[in-house]
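A short worksheet on the structure shown next.
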Amino acid sequence: MTSVLDLAPVIPVVVIDDATDAVPLARALVAGGLPAIEVTLRTPAALDAIRAIADEVPDAVVGAGTVITSAGAADAAAAGARFLVSPGWTDPLLDAMRSSGVPFLPGVSTASEVVALLERGVTEMKFFPAEAAGGTAYLSSLSGPLPQARFCPTGGVSLASAPSYLALPNVGCVGGTWMLPPSALAARDWTRVESLAREAAALRA
């Protein structure tokens with residue numbers, strides 16, 4: 001399977017309050033060229049949203065974000081999530097994500113956390129919160145001593161800053177929300193979402 005880091009330059013980070021929005025939202029993102037979609041486990045509708053996207057949008061690679069418990073990892077995988085993302089990690093959470101049987105991106109923000117994951121055989125990670133934790137300068141400085149680690153920086157990344165992240169040798173893709181403006185989601189303006197997704201997908205044209 002292609003790494004989730006290589007599916008598109010941007011993984012949209014989606015918070016879904018109403019599961020009925022999940023399918024049209026996912027279709028708009030996929031049509032715009034962003035097939036990997038991270039649905040965060042921050043709302044009661046999240047698992048139903050993941051299930052709906054997995055069932056009805058075959059071209060989407062739907063994942064679960066904000067995975068912070070072993071139960072969350074298992075429930076997300078059972079709902080059809082094809083990858084898991086956490087803001088940070090512990091050994092029990094790492095074990096649960098590994099046991100899920102789907103790819104996962106544990107969150108890191110320090111060199112020590114990266115080294116600890118490399119010791120455990122994990123080479124693909126989420127760098128979070130990217131901007132607050134040092135941004136491109138920090139990730140660039142990690143690429144020398146830790147070239148085997150690859151990252152998806154998420155947290156404060158924008159359309160303007162994404163290209164500088166994507167230019168780094170240790171960044172596969174970025175996570176972001178800018179293609180999902182609250183006004184478009186409130187109006188269910190899926191055409192606008194598709195247009196913004198297309199703009200994001202072109203960052204690696």
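Tabulated results
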| read-out | value |
| --- | --- |
| Residue within the stretch 65-79 that is outside any helix (DSSP H, G or I), crowded, with 24+ Cβ neighbours inside 10 Å, of a type in the set (Val, Ile, Thr) and in contact with a helix residue (DSSP H, G or I) (Cβ under 6 Å, 6 or more places away or on another chain) present | yes |
| Condition broken by ARG98, with the remaining ones in (1) farther than 24 Å from GLY134 by Cα; (2) part of a loop (DSSP other than H, G, I, E, B) satisfied | (2) |
| Residue count for the stretch 184-205, restricted to those that are modelled with pLDDT of 95 or more, in a helix (DSSP H, G or I) and touching a Leu at 6+ places or on another chain (Cβ under 9 Å) | 12 |
| Candidate set: the stretch 185-205, residues that are of a type outside the set (Gly, Ala, Ser) and closer than 18 Å to ALA160 by Cα; chosen: the one surrounded by the fewest Cβ atoms within 10 Å (Cβ to Cβ) | ARG204 |
| Residue within the stretch 46-56 that is assigned to a loop (DSSP other than H, G, I, E, B) and either within 25 Å of VAL157 (Cα to Cα) or free of Cβ contacts under 8 Å to residues at least 40 places away in the same chain (or both) present | no |
| Filter result for PRO35 (of a type outside the set (Phe, Trp, Tyr), under 24 Å from GLY135 (Cβ atoms) and buried (at least 16 other Cβ atoms within 10 Å of the Cβ)) | no |
| Candidate set: the stretch 80-99, residues that are small (Gly, Ala, Ser) and more than 17 Å from LEU5 (Cβ to Cβ); chosen: the one surrounded by the fewest Cβ atoms within 10 Å (Cβ to Cβ) | SER99 |
| Residue tally, condition charged (D, E, K, R) and either at positive phi or in contact with a strand residue (DSSP E or B) (Cβ under 8 Å, 6 or more places away or on another chain) (or both), over the stretch 8-41 | 1 |
| Single residue of ALA130, ALA187 found to be under 22 Å from VAL15 (Cα atoms) and touching a residue at least 24 places away in the same chain (Cβ under 8 Å) | ALA130 |
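The values are calculated or read from the model by the stated rules, or taken from the named source; none is laboratory data. Since this is a predicted model, take the numbers as computed values, not measurements. Positions of Cβ are backbone-derived with ideal geometry, glycine not excepted, and every protein chain shown enters the neighbour counts.
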